[in-house]
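Structure, as structure tokens:
The values are calculated or read from the model by the stated rules, or taken from the named source; none is laboratory data. Only a predicted model underlies this, so the values are computations on that prediction, with no experimental measurement involved. Backbone-built Cβ (ideal geometry, glycine too); neighbour counts: all protein chains shown. Only protein heavy atoms, including side chains, enter the accessible area calculation; ligands, DNA and RNA are left aside. Shrake-Rupley method; radii C 1.70, N 1.55, O 1.52, S 1.80 Å.
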Amino acid sequence: MRSNQQMADLLADADLTGLSVRDIPPMFREVVERGWSLTGSGARVLTDLRPDEDRSYFDRLAEETTVNGRGMTDWDLPAGAGKDRAEVLLRRSLAYIGACLRSAEKEFGDQQVLAYLSLSLGGTDDDLLTAHVTFCTPRPDTPPYVADLEQVRDAAVAEIAVEDCPDR
């Protein structure tokens, strides 16, 4: 797993033992269950998140990150940016990421799909910790989704491969 220092610090402080499907919010479990598909351009997308109509994208990376990207459910968590909120968001996000990456490996027969997780402050007063997850497949002819990931300062970010996920 590659991450910036902010994410490394959050991960070091969190109890991530025993991640399981129970950590994934129900609507995200449905996404995992529906699996993956390929679009006409060859983009790898989560089937349940695929738009009903074909849309135009700059490239496959943009298509994958747009279709696959979602904020992690947090409406049931206490407001603010506290440690408890961060830990639950990490557990939910990492359990979802693991399930999706294992499903992608099974569907496509390789380990090329990567996940990107970011935790940052948002909300009306920039005091609410939020999480965002997306998936994409790096390609040699396309810049990386997050360039200089280790240098990102305005969010905690990580790039996660299937081998980084527990319970493989």
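Which residue out of 120, 103 is open to solvent by 20 Å² or more (accessible area, probe 1.4 Å) and part of a strand (DSSP E or B)?
Going through 120, 103 in turn, just one is open to solvent by 20 Å² or more (accessible area, probe 1.4 Å) and part of a strand (DSSP E or B): 120.
Looking at the range 1-22, which of its residues are aliphatic (A, V, I, L, M) and either loosely packed, with under 12 Cβ neighbours inside 10 Å or in a helix (DSSP H, G or I) (or both)?
7, 8, 10, 11, 12, 21
What about residue 152, is it surrounded by fewer than 21 Cβ atoms within 10 Å (Cβ to Cβ), among the aliphatic types (A, V, I, L, M) and touching a residue at least 12 places away in the same chain (Cβ under 8 Å)? First the steps, then the outcome.
On the way: surrounded by fewer than 21 Cβ atoms within 10 Å (Cβ to Cβ): yes; among the aliphatic types (A, V, I, L, M): yes; touching a residue at least 12 places away in the same chain (Cβ under 8 Å): yes.
So residue 152 passes the test.
Quick one: residue 80 ticks every box in (1) assigned to a loop (DSSP other than H, G, I, E, B); (2) over 16 Å from residue 118 (Cβ atoms); (3) modelled with pLDDT of 90 or more; (4) open to solvent by less than 30 Å² (accessible area, probe 1.4 Å) except a single one, so which number is it?
Here residue 80 meets the rest and fails (3).
Residue by residue through the range 23-61, note down the ones that are part of a helix (DSSP H, G or I) and either touching a Gly at 6+ places or on another chain (Cβ under 6 Å) or farther than 30 Å from residue 88 by Cβ (or both).
Once the filter is applied, which keeps residues that are part of a helix (DSSP H, G or I) and either touching a Gly at 6+ places or on another chain (Cβ under 6 Å) or farther than 30 Å from residue 88 by Cβ (or both), the range 23-61 yields 47, 60.
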